[in-house]
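Nothing in this text is a laboratory measurement; each read-out follows from the coordinates by a stated rule. Being a predicted model, the structure only gives us computed values, none of them experimental. Reconstructed Cβ throughout: ideal geometry from the backbone, glycine too, with neighbour counts over all protein chains shown.
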Amino acid sequence: MRKAIRTIIHPIIFGLYPVLFLYGENLGEVASYDLLLPLAFSLALVISFLGCFWVLLRDMDKSAAMSSLSLIFFFFYSGFSEFASSHLPLIVSTNIVLHPYYIVNFFSAAFLTLSFILLRDYKGGLGPLTTFFNVIASILLVFNLIDVVPFILSEDVRRGVDNPGDVHVISGKSMPDIYYIILDGYSRDDVLLESLGHNNSGFSDELRARGFYVADKSMSNYATTFLSLPSSLNMKYIDHVSSNTTRLPHDLSMAYNLIRDNEVQKYLKSKGYTIVNFRSSWGPTDDIRSADLQLSFSQFRENNDFFLVLLQTTALSPFIEHIIWDFRRNNILYVFDELSDVALMPEPTFTLSHVLCPHAPFLFDRDGGVPVQTMDSRELYVGQLVYVNKRVLGVVDEILSKSDEPPVIILQADHGAGILGFNNACVNNPLDNRNYDDKMVEDRVKILNAYLLPGGGSEGLYESISPVNSFRVVFNRYFHENLTMLEDRSYFSCGRNPFDFREVEHTTA
C-alpha cells in the first residue's frame, strides 16, 4: 500500500500544480472557490491517465511515469507552442509554413510514443525514476505554496481600502446618472498619429460636438490596468500598496480589492445611487461584488473565467480558442447594445463599464467583423479602434436620448496601447522597471480622457487632467464637496515587481 501511494504521488502533484501555479500568479484576482472546478478537472485527468496506462502497461510505476509525462505535455502545451513560435522558424525552411501547434503536436506525440515503448519494454525496477519524479514534483509544489499559503492565511493582505478621509456625505438634491466607461488601452490622439499613422481627430471632434471636454494632454497615473483603476476609483495614488511590507512583491490582491471595494462607489451608494457593473471578463471589474446589479450577456460565464484561462494553457487550447474569442466578442457587443438602457432606470445610477477594447486581442475589424489575424498588430489595433469609435458614439447618443436629466459621462482609458513595445519589453525584462525607452513608456501613459459634465461645461477641467482627479471634479461640482485636486503624476512599472514605480515626466507636447 505504501509503495502504491509513493508511486502515484508525482502524477497527482503534476496534475494539481498547474492550477495552483496559475492561482499563485493571480493572487487576489481569483476567489478560492473558483479553484474547485479546475482542481476537480485536474484530478479527473490524473485518474484517467493512470487508469488508461494501467490497462496498457499493467505496472503502477510505469503507468505513473507515463501519466506524469502526459500531464506535463498537456498542461504546458501553450508554453511549448510559444517556444516553437519564437525559435523553430529559425530552423524551418522558408518554403514551408508550419503552425507551431503542428510542430508541438509532432514532437509531443513522438516523445510520448518513444517513452511508452521504452517503459513497456523495460524489465528492471523503476524505483529511482519514481523517486526522481516525486522529488521534482515536491520541489515545484513547495515553491508554489511559499506564495500561496501566506496569502490565504493573511487577512490583512485582502482587507479593503482605507477611507480617503476628505469625502463626506451630504443630503442629495436631484442627482445625475454617472457613467464611467473605461476603454482599455486607448491611446491619445497624438500617439495614434505619430506612432500608428492614424488620424483620430474625427472621433475627438465628434465628442466635442456632443458637449464633451477632451483633455488632449492627459496621461494615466499608472501604466497597467490593475494599478490605474484603483487610483481613479479611489481618487488617490496607491503608494500605501507599494509600501505594504506584508505583501508579496507580485501579490495584486490589495490593488484588486481597491477596484472591487472602491471609494467612488461607496460614496455614491451613500448618496442613494444604484451601482451597476457591466462585467468585463477581466478579474476585478468582472465581479464587483458590492454592486447592486451586474450585467453580462451570459450567465454561464460566472465563476468560469479562471478555468477557461487554465484551459488556454493546455493541449485543448486549439479547440477552445475560438469559443473564448466568441465569448469576449459577445460580451463587448452586449455592453455596446445594452449600456444605454441603464438610463431608463428610475433611480440615480452609477455605471461602471470596463470595455476590453481597443486592447488586444483583436476581435473586430473596422466594420465589426472578425479580423484576419495575420495582419500587422498595429493595423489590427487601428481597425478595432475605428469600430470602437463608431459604437461609443452610438452609445453616447442613445444614453443622451434616453436620459430624462443630462448625465455625467466619463470616457477614459486606463493606459495607452501596449503594442508600441511596452508589452514585449515587460515580458523580456520583467524584473527591471528602469531600463526602458522613454518615448515607449511615455506613449504607454498618454490616454483618451473625455468628460461630459452638464451644467458647467469645462469648469474644473484642464487639458492635462489625469484619472486620479476625475471624480474629484465630479464630486465637487455635483455634490458640493471641496476635494483638493492632486498633482497629476504618472508611474511606470511591470513584471514581477509591479509596485517598483518609476515616475514618468509629464510633458506638454
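Overview of values
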| item | result |
| --- | --- |
| Spin-label model distance (nm) - MET485 vs ASN330, 7 Å beyond Cα toward Cβ | 4.6 |
| Label point at LEU344 placed 7 Å out along Cα→Cβ; residues across segment 263-301 whose backbone nitrogen lies under 19 Å | 274-279, 293-298 |
| Calculated FRET value between ASP190 and LEU37, using beta carbons and R₀ = 51 Å, to 0.05 | 0.65 |
| Segment 170-504 - Kirkwood radius from inverse mean 1/r over Cα pairs (Å) | 20.4 |
| Ordering of 308-318, 228-238 by packing [mean C-beta count within 10 Å, highest first] | 228-238, 308-318 |
| LYS123-TRP54 FRET efficiency (beta carbon distance; Förster radius 22 Å; 0.05 resolution) | 0.75 |
| Gain on full stretching of the segment that runs from ILE47 to ASP205 - 0.36 nm per residue minus C-alpha separation | 50.8 nm |
| Ranked by how many other beta carbons lie within 10 Å on average, peptides 267-278, 449-460, 199-210 from highest | 267-278, 449-460, 199-210 |
| Lysines with Cα under 20 Å of LYS123, excluding same-chain neighbours fewer than 8 positions away | LYS3, LYS62 |
| All-pairs alpha carbon distance profile, segment 278-411, 10 Å steps from 0, percent | 11, 37, 35, 14, 3, 0 |
| ASP404-MET440 FRET efficiency (beta carbon distance; Förster radius 35 Å; 0.05 resolution) | 0.15 |
| Extension gain, ALA109 back to LEU316 (0.36 nm per residue minus Cα-Cα distance, nm) | 73.0 nm |
| Cα-based Lys proximity count in segment 170-504, under 28 Å, for pairs eight or more positions apart or on separate chains | 19 |
| Ranking of SER493, SER466 by count of other Cβ atoms within 10 Å, fewest first | SER493, SER466 |
| In nm, spacing of pseudo-spin labels at ASP376 and GLU505 (7 Å Cα→C-beta vector) | 2.9 |
| Sum of side-chain charges, ASP397 neighbourhood, beta-carbon under 12 Å (Lys, Arg +1; Asp, Glu -1) | +2 |
| Exposure proxy ranking, count of Cβ atoms within 10 Å, fewest first, for ARG279, ARG188, ARG120, ARG444 | ARG120, ARG279, ARG188, ARG444 |
| Segments 355-364, 55-64, 369-378 sorted - mean Cβ within 10 Å per residue, highest first | 355-364, 55-64, 369-378 |
